[in-house]
Amino acid sequence: MRYVRCASPLHAARAAAGGLWCCALAFAALTAEHPVVLGALALGVMVAAVLAGVGRPVMKLACWLLPWALVVAVINVLVVRQGLTVIARLGEVPPFGQVDLTLEGLVFGLMFGLRLLTVALVFAVFSSAVDPDDLLRGLRRMSLRSALAATLATRLVPVLAAGARRIHEARRCRADGGGTGAGARVAVLRAVASNALDRALDVAATLEVRGYATAHPHRGQTRSVAFSAISAKRNGTGLTPGWGRTRRGGRPWSRHDLAFTASAVTVAALATPARLQDVAHFGAYPQLAADPVGQALALAAVLLLAALAPFANRRGIVP
């Protein structure tokens, strides 16, 4: 999954607001107990992905994860011995002993798989629709060099891939062949990661002395900053002039920023008391027990409305 710029309210919102909105949806999915609420959240995430213009990559990930969610359900029903409603008896299976498949174990496994799928889809939307550069830009006041290093380390992927190939070939030229198995692969990964961070720190230091670290660069630094931005773009880093330069106080909050922040707060405010007060409760063991479906439908409808409301305002959206 990678960030793709689209004309959508989620892309128009600042990364902090979009990231907070995604985290609130993931929190709601982790705290939801009733399958109706959890299914509604999964549907809402897919609808949000379509409205954000990233429906195709998110749907591809959903198709890839769906079999794994079913595998989780199968493993749970085979391993867990809880539950009173036996649906199949497999007899004595060494070394597990008597294996009885229960309806409660199957339902709990399906719920766990659906929760895993929903959380994965939320963060797929996060990766596709929340600008990583803008997200790291928010860290510049705490540590500009760390934010620059993280950005450059993730942007220099082709360079890192070439470095990994060179290290792998050098390892194979050793007398012992460089070893085999997971240990050899971890050694290559460690070397590539340390090389990436060292290279990114060097580039970040260069950009810092050229004006990216100052809130108001001097006039003499303007040409240097522009030249370094052109060089960074040629090298594939994708940095733009003024990465570390903003007006005092930052850019004002737009209506999309406020909408997604309010949506995130509302979703979290609905999910927390629902969990603490057992609203729309669902229990799998020892027997299936659930609150009335109407209660779960009401909670699901309110959560969907709060989560998708920011997408209603599409005025002024430009790609």
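Here are the numbers for this structure:
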quantity: Any chance residue 259 is under 27 Å from residue 84 (Cα atoms), touching a residue at least 40 places away in the same chain (Cβ under 8 Å) and crowded, with 18+ Cβ neighbours inside 10 Å; calculated: no
quantity: Residue 64 being open to solvent by less than 80 Å² (accessible area, probe 1.4 Å), at pLDDT 90 or above and either of a type in the set (Phe, Trp, Tyr) or over 30 Å from residue 298 (Cα atoms) (or both); calculated: no
quantity: In segment 284-305, residue least open to solvent (accessible area, probe 1.4 Å) [restricted to those that are outside any helix (DSSP H, G or I) and in contact (Cβ under 8 Å) with a residue 24 or more places away in the chain]; calculated: 284
quantity: Hits in segment 82-118 (condition: surrounded by 13 or more Cβ atoms within 10 Å (Cβ to Cβ) and among the basic types (Lys, Arg)); calculated: 115
quantity: The listed residue being more than 21 Å from residue 120 (Cβ to Cβ), among the hydrophobic types (A, V, I, L, M, F, W, C) and buried (at least 20 other Cβ atoms within 10 Å of the Cβ), out of 52, 13, 32, 48; calculated: 13
quantity: Selection status of residue 24, crowded, with 23+ Cβ neighbours inside 10 Å and either more than 22 Å from residue 105 (Cα to Cα) or modelled with pLDDT under 90 (or both); calculated: yes
quantity: Residue pairs meeting the criteria (Cβ under 6 Å; at least 6 apart or on separate chains; first without any contact (Cβ under 8 Å) to a residue 24 or more places away in the chain, in segment 19-31; second surrounded by 21 or more Cβ atoms within 10 Å (Cβ to Cβ) and polar (S, T, N, Q)); calculated: none
quantity: Qualifying residue in segment 239-253 (condition: part of a helix (DSSP H, G or I) and either at pLDDT below 90 or open to solvent by 80 Å² or more (accessible area, probe 1.4 Å) (or both)); calculated: no
quantity: Filtered residues of segment 264-280 (kept if aliphatic (A, V, I, L, M), assigned to a helix (DSSP H, G or I) and open to solvent by less than 80 Å² (accessible area, probe 1.4 Å)); calculated: 264, 267, 268, 269, 270, 271, 274
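The values are calculated or read from the model by the stated rules, or taken from the named source; none is laboratory data. Everything numeric here is computed off the predicted structure, so don't read it as measured data. Every residue, glycine as well, gets a Cβ built from its backbone with ideal geometry; the counts of neighbours run over all protein chains shown. Side chains are part of the model used for accessible areas, which takes the heavy atoms of the whole protein and leaves out ligands, DNA and RNA. Shrake-Rupley method; radii C 1.70, N 1.55, O 1.52, S 1.80 Å.
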